[in-house]
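Asks: This structure is in structure tokens; I'll ask about it shortly.
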Amino acid sequence: MLIRHAVEQDLPRIVAIYNAAIPHRMATADLEPVTVESRRHWFSGRSPSHRPLWVIEIDHTIAGWLSFQSFYGRPAYHGTAEISVYIAPEYHRQGLGKKLLQTAIYHSPNLGIKNIISFIFAHNTPSLKLFSSFSFQQWGYLPGVAELDGINRDLVIMGLAVIANRE
């Protein structure tokens, strides 16, 4: 198992893993698959020293990824980053999300990140359990903010103060 910074050649696999999550309506509010081209700008906004995008490999195959992105885009929020974790379906329940999240928490202070947040659908019990197992707490709850296949879905904002967590 190897966690490394993503390179542009990884983008098709990153997109494929993301697209595999769309039909399940558990991890993303996108309703239709995205294209590699549509994700190039997002990819170019990732920086190994500031807002990285990591992939996790098993036997030289990308099995999942974790990305950091700036929260709310204003300078006062610089110390807070939103993270997203996606694992390819064939690698679910193998502890890869746990390994990526553990790595993100560990490296966050070196990235200048004091708080990590994640937006998780309230019906996504596996992700809520994963984040809770790392002491993330519910920092917000947005009822009915997403509509997936005609069903209103709630969004949970999970947060962790990583600097306080390490002291």
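Asks: Exactly one of these conditions fails for Asn152: (1) within 17 Å of Leu2 (Cβ to Cβ); (2) of a type in the set (S, T, N, Q); (3) in a strand (DSSP E or B). Give me its number.
Replies: Condition not satisfied by Asn152: (1).
Asks: Just name the residue that is nearest to Ile83 (Cα to Cα) out of those in the stretch 5-39 that are among the charged types (D, E, K, R) and exposed (fewer than 13 other Cβ atoms within 10 Å of the Cβ). Can you show your working first?
Replies: Taking the stretch 5-39 and keeping what is among the charged types (D, E, K, R), we get 8, 10, 13, 25, 30, 32, 37, 39.
In the following step, the residues that additionally are exposed (fewer than 13 other Cβ atoms within 10 Å of the Cβ) were identified as 8, 30, 32, 37.
Numbers: Glu8: 19, Asp30: 16, Glu32: 21, Glu37: 22 Å.
Per the stated criteria, the residue is Asp30.
Asks: Moving on. Of all residues being assigned to a loop (DSSP other than H, G, I, E, B) and over 14 Å from the mean Cα position of the chain (by Cα) in the stretch 7-29, which is farthest from Gly150 (Cα to Cα)? Just the residue, please.
Replies: Of everything passing the filter in the stretch 7-29, Val7 is farthest from Gly150 (Cα to Cα).
Asks: Mind checking which residues of the stretch 64-74 are in a strand (DSSP E or B) and either in contact (Cβ under 8 Å) with a residue 40 or more places away in the chain or not hydrophobic (A, V, I, L, M, F, W, C) (or both)? Spell out the reasoning first.
Replies: Of the residues in the stretch 64-74, the ones in a strand (DSSP E or B) are 64-70.
Matches in the stretch 64-74: Gly64, Trp65, Ser67, Phe68, Gln69, Ser70.
Asks: In the stretch 75-112, which residues are assigned to a loop (DSSP other than H, G, I, E, B) and in contact with a helix residue (DSSP H, G or I) (Cβ under 6 Å, 6 or more places away or on another chain)? Break it down stepwise before answering.
Replies: Applying the first criterion (assigned to a loop (DSSP other than H, G, I, E, B)) to the stretch 75-112 yields 78-79, 88, 92-95, 112.
Once the filter is applied, which keeps residues that are assigned to a loop (DSSP other than H, G, I, E, B) and in contact with a helix residue (DSSP H, G or I) (Cβ under 6 Å, 6 or more places away or on another chain), the stretch 75-112 yields only Ala88.
Asks: Within the stretch 30-58, count every residue that is assigned to a loop (DSSP other than H, G, I, E, B) and at pLDDT below 95. Give the steps one after another, and end with the answer.
Replies: Applying the first criterion (assigned to a loop (DSSP other than H, G, I, E, B)) to the stretch 30-58 yields 30-36, 45-46, 48-50, 52.
When the remaining residues are screened for being at pLDDT below 95, the result is 30, 45-46, 48-50.
Result for the stretch 30-58: 6.
Asks: Another question, then. I need a count of the residues in the stretch 151-167 that are at pLDDT 95 or above, among the small types (Gly, Ala, Ser) and out of contact with any strand residue (DSSP E or B) (no Cβ under 6 Å at 6 or more places or on another chain). Before you say what the answer is, go through the steps one by one.
Replies: Narrowing the stretch 151-167 to residues at pLDDT 95 or above: 151-161.
Filter once more, so that each one left must be among the small types (Gly, Ala, Ser): 159, 161.
Next, only the ones that are out of contact with any strand residue (DSSP E or B) (no Cβ under 6 Å at 6 or more places or on another chain) stay: none.
Adding up the residues that qualify gives 0.
The values are calculated or read from the model by the stated rules, or taken from the named source; none is laboratory data. Nothing here was measured: the structure is a model prediction, and the numbers come from that model. As a convention, Cβ positions derive from the backbone with ideal geometry for all residues, glycine included, and neighbour counts pool all protein chains shown.
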